[in-house]
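The values are calculated or read from the model by the stated rules, or taken from the named source; none is laboratory data. Everything quoted here is computed from the prediction, not taken from an experiment. As a convention, Cβ positions derive from the backbone with ideal geometry for all residues, glycine included, and neighbour counts pool all protein chains shown. All accessible areas refer to the heavy atoms of the entire protein, side chains included, with ligands and DNA or RNA removed. Shrake-Rupley method; radii C 1.70, N 1.55, O 1.52, S 1.80 Å.
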Amino acid sequence: MTWWWQCMGTAVRHAVLEQARNRLALTLVVFFIPLWLTLAYRVLPGDPVRFFLRAAGRPVNLDANTVTQLSGGLHAIALIVGFMMFLAASRSAEFDHRLVLAGYPRLCLLLARSGVLLLTAALTAGYATAWVCVFHRPERLDVMAGAFMVGALTYGGVGILLAALLRSELAGMFVVIMVSFIDLGLQNPVANPAADSPLLRLMPAYGAMQAAVSAVDLTLVPWRHLLLGLGWSAGLTVAGLAAFTARTSRRTLKQTLLRRHASRSSVRLTVLRLLHPLRARMYRQAGIRDATVITGYEICRRLLHRSGPVKAATTKLLPARIRPVWWAVYGYGRYIDDLSDTRHGSRRERSEHVSRFSELLEADLRQGHSQDPLRAAIVHAIWTWDLPGDGLEAANAVYRQDAEGESALATWDDWFAYWRTLTFPFGTKRLLNLLTAPGLAFTPRDAEALRAWTDALNLLDTLRDLREDAMEGFVKLPATVLDEYGVSSEDLARGRASGRYTDMVRAMTARTRQWLDRTAAAGSQHPPMAAALRTVVDLHRLELDRIDQSPHALLNGPSRAHPVRFHLTLARGRHRVARAWRHHARTAARTPASIPPPRSAEGDPTPHDTQALLPPVPHPSGVRPPVLPPGRMPQHVAVIMDGNGRWATHRGRPRTAGHEAGQLALRDVVHGALEIGLPCLSLYAFSTENWTRPATEVEALLRIFQDGLDMETEEIWQRDIRLRWSGIPDGMPSEMVQTARRTEHATRNRTALTLNMCLNYGGRAEITHAARALARQAAAGTMDPDTITPRHVAAHLHQPGLPEVDLLIRTGGEMRTSNFLPWQSTYAELVFLDTLWPDVDRTHLWQAIDTYTRRDRRFGAVQPSPGAPQAPGSVDGL
Ligand code: IPE
Ligand code: IPE
Ligand code: MG
């Protein structure tokens, strides 16, 4: 019985929230009803109208303005309540379906929906009656309120019925408007002298209108007419609820979703603009205009909302400009998870659905767009926000395994591997970077906190869905945990607690709390992120409190946090986050960007690289680096390694031989940079324009780079060198991207030389990327375009922590810079060498540095800058 009441509580809460969220309808109730009642009463003349009132069985004389006020009031109520119930019933169908699947009795949902209809009707009727009293005092207040309520109930029933019959929200709205227009327009004796015609007695609002008019002057209670209205209302509501029951039957969620995707995007867009102008504006500001893509984001948003209140709340704590990314990321996971849902279809079918979806998505990703709204949104998010997306394949493989019923988690290691593959396909770091703004930096600790939070979220999800997962045959806890506490998954599926079930649940909540404690420590450099994470952690803790109070409740379905506390915590958190962003916007407008320190690749907690590092290998000739005048050492040397092809051609060999020889030169130059104590060396290895070369050459180059980046095959990584990669992942093999990131990560704490490999790099692409990031901030209102300075742009380059280039060397005899580090090299000294790259060694580097030390660097001034030939404000020095 307790379970039944809990279900009822959830269903009522959801139904009430659904109405409360419909801000347009609430605004209409509050403002439109009084406006209409006032205008009808004041503007129309008070001339008497003769009217045969069937409720009294005789003609009556009433003022024209009073009658019009009543029929108008009824009309307004009918429209608003009909519309509210229509939207609530059509939008919550998926959520209700989910509840039914989770074992919620359908009766609860029906009662909740009917209860909310009654409540809405009563409140609206009471409100309208109170406003009527402002103008005149009806003889029977109770009858007037009853008449309005009957009208509201009737049209609420119309709304519920239409929601079951019509797909399009626009169509639903239109039908409610037209039906009420005909019905109530004809009931008004001022507009229609034949308002008592027998035909009109068959109209839905007839009983309500008769009762309302009789309440003005007569003392009788027109029971027959009130009951007639109630009859209409009951009939329509029952028909609507019957259709609603049919909709929440065993039809698969997947089918519902697929059909939704097929519905026409542009209609949805119009509805969105009408009903949610703020959201429509958010899309406009984010530069999202394509109707299909917006429809996709909306589907993702709904999928996220179906994933529970905490996840939906998480999005509300993010700046509006990046909410769509979050929706897409969740939408992808949720959709494919539903496809692999082991309770629908045969194994083969499920697996085929997942494979098909993955293939289509991967093909769309290559093209950069999709015809299907959901995939279009995912592709749009990955392309627009530069999400890596290279973990998708691994995640898809896990979902396929789920679909085939072959997933099993033996240990905690398996558990981490499983969830992290599913949770991180889009790259935590990139998602974090979306929140970066000038002056707001992330530290590796934040990335770690985010990871801890994701683990906590996943474990909480596992607990929340314990019974449902068990019924699907895959409890997502390590088998060792179930064994340790003697809990059987068959019993869980039957809703029975076996073994030390309570201890197990409490141990899992304790573990989740530990991870949440780690999360709470994040965001020290980023106050909005700290406020958001603190709120999410508080929300999770509320849910954990609930689970700890009654672990057995999990066997009956998800345990939700206490609703009042939940919403209070969320409201407080939203306020804190908004305040933190506002404060930042104010201070960021005044202070220049502080450049974040070099960030780690993924924020793994491993503190230090434990490998013993080797010193640089001396030059074979024994030559030593030159002694430079003190303080004249460049901080950053960039090299365009050109001439490999010509070197090979001169020797009658294929160009690829030149690239291989070039690798030896590269190694020697790096050893030379270490020997001379150079802090930063950028090497141009492959430009975004080099893809136009013959496929065999590109392939050979990629193979060489793959080996060169790999710590297992390349000896250079045994020295004290920190790798940074500048470039874009697009087009690069995912294995190579991963290798680069791995090596970046493994070498992140090294201090001698920062080696910035410019691979798949293009200067224009880099600046465009920065421009986009700033434009997004400007569009979102977190940055005033007039306050953007070069430092803000510099903060969004691929490697914002590196100093500006002091010396740019190009080998191979060409005198151009070929799209290499245009932003960073504006004041670089240029040295062009005729030597082809494979013939270069460290002595060329030293020689060029020696030349550099003798150059006058004036930076636009008349006198050379005193002391060192360095940029006056290198990026690092901010
Ligand atoms: C530079 O050498 C290496 C890369 C572009 C990868 P080239 O291959 O451009 O050599 P040349 O300029 O044709 O001699
Ligand atoms: C520049 O060399 C790119 C690299 C060295 C990686 P290119 O050989 O591609 O440049 P252009 O085409 O001669 O300008
Ligand atoms: Mg070249």
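The table for this structure:
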read-out: Meets criteria (touching a Ser or Thr at 6+ places or on another chain (Cβ under 7 Å), modelled with pLDDT under 85 and part of a helix (DSSP H, G or I)) for Ala449; value: yes
read-out: The range 706-734, subset within 16 Å of ligand 1 (Cβ to nearest atom) and open to solvent by less than 20 Å² (accessible area, probe 1.4 Å), residue farthest from the chain's Cα centre (by Cα); value: Gly708
read-out: Filter result for Arg764 (among the charged types (D, E, K, R) and crowded, with 21+ Cβ neighbours inside 10 Å); value: no
read-out: Residues (at pLDDT below 85 and part of a helix (DSSP H, G or I)) located in the range 471-487; value: Met471
read-out: Residue satisfying all of: in the range 17-69; free of Cβ contacts under 8 Å to residues at least 60 places away in the same chain and touching a helix residue (DSSP H, G or I) at 6+ places or on another chain (Cβ under 7 Å); nearest to Arg113 (Cα to Cα) among these; value: Leu28
read-out: Flag if Trp846 is within 15 Å of ligand 2 (Cβ to nearest atom) and in contact (Cβ under 8 Å) with a residue 24 or more places away in the chain; value: no
read-out: Residue pairs meeting the criteria (Cβ under 7 Å; at least 6 apart or on separate chains; first open to solvent by less than 30 Å² (accessible area, probe 1.4 Å), in the range 374-386; second aromatic (Phe, Trp, Tyr)); value: Leu374/Tyr335; Ala377/Tyr297; Ile378/Tyr332
read-out: Qualifying residue in the range 765-780 (condition: among the hydrophobic types (A, V, I, L, M, F, W, C), within 16 Å of ligand 2 (Cβ to nearest atom), more than 18 Å from Gln635 (Cα to Cα) and at pLDDT below 95); value: yes
read-out: Any pair with Cβ under 9 angstrom, 6 or more apart, that starts in the range 676-689 at a residue that is touching a residue at least 60 places away in the same chain (Cβ under 8 Å) and ends at one that is within 6 Å of ligand 2 (Cβ to nearest atom) and of a type in the set (S, T, N, Q); value: Tyr684/Ser818; Ser687/Ser818; Glu689/Ser818
read-out: Candidates Val698, Val617 - the one that is open to solvent by less than 70 Å² (accessible area, probe 1.4 Å), modelled with pLDDT under 95 and within 11 Å of ligand 1 (Cβ to nearest atom); value: Val698
read-out: Residue list for the range 667-698, filter: within 16 Å of ligand 2 (Cβ to nearest atom) and charged (D, E, K, R); value: Glu689, Arg693, Glu697
read-out: Failed criterion for Leu755 (all others in (1) in a helix (DSSP H, G or I); (2) buried (at least 20 other Cβ atoms within 10 Å of the Cβ) hold); value: (1)
read-out: Any hit, the range 626-641, residues being within 16 Å of ligand 2 (Cβ to nearest atom), surrounded by 21 or more Cβ atoms within 10 Å (Cβ to Cβ) and assigned to a loop (DSSP other than H, G, I, E, B); value: yes
read-out: Residue match in the range 794-809 (condition: more than 33 Å from the chain's Cα centre (by Cα), at negative phi and within 16 Å of ligand 3 (Cβ to nearest atom)); value: yes
read-out: Any helices (runs of 4 or more DSSP H) falling wholly within the range 1-81 and containing at least 3 residues that are at pLDDT below 85; value: 2-21, 23-27
read-out: Residue count, the range 800-841 (criterion: within 15 Å of ligand 2 (Cβ to nearest atom), under 22 Å from Arg632 (Cβ atoms), open to solvent by 30 Å² or more (accessible area, probe 1.4 Å) and touching a helix residue (DSSP H, G or I) at 6+ places or on another chain (Cβ under 9 Å)); value: 1
read-out: Per-region count, the range 661-690, residues away from ligand 1 (no atom under 11 Å from the Cβ) and among the aromatic types (Phe, Trp, Tyr); value: 0
read-out: Residue match in the range 268-283 (condition: surrounded by fewer than 16 Cβ atoms within 10 Å (Cβ to Cβ), closer than 27 Å to Val116 by Cβ and modelled with pLDDT under 65); value: no
read-out: Residue within the range 505-512 that is of a type in the set (S, T, N, Q) and either open to solvent by less than 60 Å² (accessible area, probe 1.4 Å) or in contact with a strand residue (DSSP E or B) (Cβ under 8 Å, 6 or more places away or on another chain) (or both) present; value: yes
read-out: Residues of the range 196-224 satisfying the condition of being touching a residue at least 24 places away in the same chain (Cβ under 8 Å) and open to solvent by 10 Å² or more (accessible area, probe 1.4 Å); value: Asp196, Arg201, Pro204, Val216, Asp217, Leu218, Thr219, Leu220, Val221, Arg224
read-out: Residue within the range 655-667 that is in a loop (DSSP other than H, G, I, E, B) and surrounded by 14 or more Cβ atoms within 10 Å (Cβ to Cβ) present; value: no
read-out: Candidate set from the range 450-463 (those that are crowded, with 21+ Cβ neighbours inside 10 Å and of a type outside the set (A, V, I, L, M, F, W, C)); member that is farthest from Gln514 (Cα to Cα); value: Arg451
read-out: Close pairs from the range 816-835: first more than 13 Å from Ser726 (Cα to Cα) and without any contact (Cβ under 8 Å) to a residue 60 or more places away in the chain, partner among the aromatic types (Phe, Trp, Tyr) and within 14 Å of ligand 2 (Cβ to nearest atom), Cβ under 8 Å, at least 6 apart; value: none
read-out: Only one of Glu468, Glu490 that is over 20 Å from Ser550 (Cα atoms) and part of a helix (DSSP H, G or I); value: Glu490
read-out: Residue in the range 783-796 that is open to solvent by less than 20 Å² (accessible area, probe 1.4 Å), among the small types (Gly, Ala, Ser) and assigned to a loop (DSSP other than H, G, I, E, B) present; value: no
